[in-house]
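Working notes, beginning with the structure itself.
Just so it is clear, none of the values below were taken in a lab; they were calculated from the coordinates. Keep in mind it's a predicted model, so treat the numbers as computed, not measured. As a convention, Cβ positions derive from the backbone with ideal geometry for all residues, glycine included, and neighbour counts pool all protein chains shown.
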Amino acid sequence: MAKREIVIYPHEVLKKPTQKVENIDDNIIKIVNDMWDTMYEDNGVGLACNQIGESLSIVIIDTSIKEGVQPVKLTLINPEIIASEGKQTYKEACLSVPGVAAEVERAYWVKVKALTPKGQEEIFEFEGFPAVVVQHELDHLQGKVFLDRLKGLKRRLTLDKYKKVLKKLERIKNQS
Ligand code: NI
């Protein structure tokens, strides 16, 4: 197991849809383990596979580090939202989009079909905060980040702020 580097937006791998996993072999299990190591190292509650540079349809979720929310810990392979209901707004952030956060409106409840790491197809239901995380991570698999969900002035302000963050990161990188 190993921590991988988190890919930073607007890297291309974050902007294109990921490939479905055909066969859950040792290589896939290794990638999943690397995803867990990487997410825990960076204190995330969810991670999509393309965030470590692998364009595969896998997400991991662990909401247990956050207090007062339903603890959900799962690896979802080839996940698909098959039903959704209601609305909620949550201030989202992303390990691949450092330094900014913005309120995003999403469904309150989602039903998801996915394979487990053992290759079994299962149906999962999420509501509240875990549903936010699931929808955020599944967007990644489609080549979307939360910035793509913003509209109008909020979108412009958040993108402007993010450009500044990227410049700052670039300066730090050039110094080291
Ligand atoms: Ni994210």
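Key figures for this structure:
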{"quantity": "Residue list for the stretch 102-132, restricted to those being buried (at least 19 other Cβ atoms within 10 Å of the Cβ) and out of contact with any Asp or Glu (no Cβ under 9 Å at 6 or more places or on another chain)", "calculated": "126, 130"}
{"quantity": "Output for the stretch 88-118, where each listed residue is of a type in the set (Val, Ile, Thr), under 22 Å from residue 40 (Cβ atoms) and away from the ligand (no atom under 16 Å from the Cβ)", "calculated": "116"}
{"quantity": "In the stretch 49-87, the residues that are under 22 Å from residue 120 (Cβ atoms), more than 16 Å from the ligand (Cβ to nearest atom) and acidic (Asp, Glu)", "calculated": "80"}
{"quantity": "Residue satisfying condition, being part of a strand (DSSP E or B) and among the acidic types (Asp, Glu), within set 137, 80", "calculated": "80"}
{"quantity": "Breaking point among (1) surrounded by fewer than 16 Cβ atoms within 10 Å (Cβ to Cβ); (2) in contact (Cβ under 8 Å) with a residue 40 or more places away in the chain; (3) polar (S, T, N, Q), for residue 174", "calculated": "(2)"}
{"quantity": "The stretch 1-32: number of residues that are over 14 Å from the mean Cα position of the chain (by Cα), in a loop (DSSP other than H, G, I, E, B) and of a type in the set (A, V, I, L, M)", "calculated": "4"}
{"quantity": "Selection within the stretch 10-23 - hydrophobic (A, V, I, L, M, F, W, C) and more than 10 Å from residue 78 (Cβ to Cβ)", "calculated": "13, 14"}
{"quantity": "Cβ pairs under 7 Å, 6+ apart, first in the stretch 32-50 and of a type in the set (Phe, Trp, Tyr), second within 15 Å of the ligand (Cβ to nearest atom)", "calculated": "36/60"}
{"quantity": "Residue ID - nearest to residue 7 (Cα to Cα), chosen from residues in the stretch 132-166 that are polar (S, T, N, Q) and more than 11 Å from the ligand (Cβ to nearest atom)", "calculated": "142"}
{"quantity": "Odd one out for residue 118, checked against (1) in contact (Cβ under 8 Å) with a residue 12 or more places away in the chain; (2) touching a strand residue (DSSP E or B) at 6+ places or on another chain (Cβ under 9 Å); (3) within 18 Å of residue 73 (Cα to Cα)", "calculated": "(2)"}
